[in-house]
Structures are given as C-alpha cells and as structure tokens.
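Before any comments, here is the structure.
The numbers here are math on the coordinates, done by the rules we state, and not lab data. Keep in mind the model is a prediction, meaning the values are calculated, not measured. Using ideal geometry, Cβ is built from the backbone for each residue, glycine included, and neighbour counts are taken over all protein chains shown.
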Amino acid sequence: MPECIECGELYHPKRRELGYLTCLECGGRSANRSIRARTAATLQAMAPNHHTGDVREMLDKRTD
C-alpha cells in the first residue's frame with residue numbers, strides 16, 4: 001500500500017497507479033485550493049477595476 005506524501009496515511013494502490021501521490025482527503029484539499037485560486041483569478045480578470053481591499057482604507061486615502 002502506498003503512503004500519502006502529505007499526511008502519511010496509506011491509500012489504495014489503484015490511486016497510485018493513476019499517478020496520485022496523496023490520499024483522497026489530502027488530494028481533495030489540494031484540488032479545492034487550486035479551484036479557489038483559479039476562480040479568484042478569473043473573477044479579478046473579469047472585473048479589473050474592482051477594489052478588493054478594505055473600503056475604509058480606500059476612502060481614508062482620498063484627497064478631496
């Protein structure tokens with residue numbers, strides 16, 4: 001049985017045959033992080049003039 005490179009748990013050998021080095025749980029967490037990052041990048045590209053920081057900070061820097 002192969003061992004997950006992240007948590008050290010044993011996982012199914014068929015998963016290793018498919019090329020995965022992590023158990024299903026660790027692989028799922030990694031996939032979710034990638035999906036969130038890709039979604040954020042896509043949304044930022046769709047709305048390039050959108051302010052993503054704290055609104056109060058932006059209003060404090062006004063010069064009027």
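Packing-wise, with mean Cβ within 10 Å as the measure, how do 10-21, 33-44 rank, highest first?
10-21, 33-44
So what's the convex hull volume per residue for the Cα atoms of the range 1-49, in Å³?
About 70 Å³ per residue, rounded to a whole number.
Quick check: residue separation of ARG36 and ASP54 times 0.36 nm, minus the Cα distance between them. What number comes out in nm?
4.4 nm
When Lys and Arg each count +1 and Asp and Glu each count -1, what net charge do the other residues less than 15 Å away from ALA31, Cβ to Cβ, add up to?
Around ALA31, the charge tally is +3.
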